[in-house]
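Remarks on the structure that follows.
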Amino acid sequence: MKLNSLKPAPGSKSNRHRVGRGIGSGWGKTAGRGHKGQRARSGGFHKVGFEGGQMPLHRRLPKRGFNSPTREDVAEVRTSELQNMQATDIDLAALKAEGVVSRLAITAKVILSGKLERKVALKEILVTKGARSMIEAAGGTIQITPKPEAPKKPKKEKKKAKPEAEEGAKGAEGAKA
């Protein structure tokens with residue numbers, strides 16, 4: 001047997017119907033579309049879910065839930081996972097290297113879950129209040145560099161311009177007296 005001699009089983013393949021090619025084909029005139037009506041016209045076909053003008057089921061049901069586009073950006077790290085890590089100086093790269101957080105994570109946040117009885121030094125990792133107290137009780141340190149604040153734009157002072165009509169009236173009163 002050779003590749004050029006392979007053929008599908010007899011009867012398994014049939015030619016497609018070439019509709020609208022004359023009366024002799026059996027698919028001439030209306031070409032299988034029937035008489036008149038929406039589906040007989042060109043371009044006349046509704047989308048899946050169309051219910052004849054009635055509000056479709058998928059639009060009648062209420063919307064539920066929310067899919068956050070940034071869900072995977074901040075990874076949660078349990079204090080028990082810090083206990084099991086080999087490294088003592090822990091940053092995002094160390095967490096990724098040990099497989100504690102996803103490689104797609106942009107930042108990490110330590111949450112209070114489990115026990116931490118060893119000294120760890122966290123660098124550039126966010127920490128909850130409870131986890132902070134546990135880490136500091138174990139003799140660990142947390143180092144986060146504060147973000148520089150954007151310079152505030154000075155507010156434009158509104159000039160209180162006196163209307164010229166009032167100035168002219170005051171001037172006229174002074175002239176009368």
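Worth pointing out:
- Elements of type helices (runs of 4 or more DSSP H) in the stretch 21-104, at least 2 residues being touching a Gly at 6+ places or on another chain (Cβ under 6 Å) and surrounded by 12 or more Cβ atoms within 10 Å (Cβ to Cβ): 79-84
This table checks each residue for (1) of a type outside the set (Gly, Ala, Ser); (2) farther than 20 Å from GLY130 by Cα.
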| site | (1), (2) |
| --- | --- |
| SER42 | no, yes |
| GLU51 | yes, yes |
| GLU72 | yes, yes |
| ARG78 | yes, no |
| ALA94 | no, yes |
| SER102 | no, yes |
| ILE106 | yes, yes |
| LYS109 | yes, no |
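- Given (1) at pLDDT 90 or above; (2) under 34 Å from the mean Cα position of the chain (by Cα), index of the condition PRO146 fails: (1)
Residues checked against (1) in contact (Cβ under 8 Å) with a residue 24 or more places away in the chain; (2) polar (S, T, N, Q); (3) touching a Cys at 6+ places or on another chain (Cβ under 9 Å):
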residue: ILE90; (1), (2), (3): yes, no, no
residue: ALA94; (1), (2), (3): no, no, no
residue: THR107; (1), (2), (3): yes, yes, no
residue: LYS123; (1), (2), (3): yes, no, no
residue: THR141; (1), (2), (3): no, yes, no
residue: THR145; (1), (2), (3): no, yes, no
residue: LYS155; (1), (2), (3): no, no, no
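- Every residue from the stretch 105-119 that is surrounded by 13 or more Cβ atoms within 10 Å (Cβ to Cβ) and either within 33 Å of the chain's Cα centre (by Cα) or at pLDDT 95 or above (or both): ALA105, ALA108, LYS109, VAL110, ILE111, LEU112, SER113, GLY114
The values are calculated or read from the model by the stated rules, or taken from the named source; none is laboratory data. Please read all numbers here as calculations on a predicted model, not as lab measurements. Heads up, the Cβs are rebuilt from the backbone with ideal geometry, glycines too, and the neighbour counts pull from every protein chain shown.
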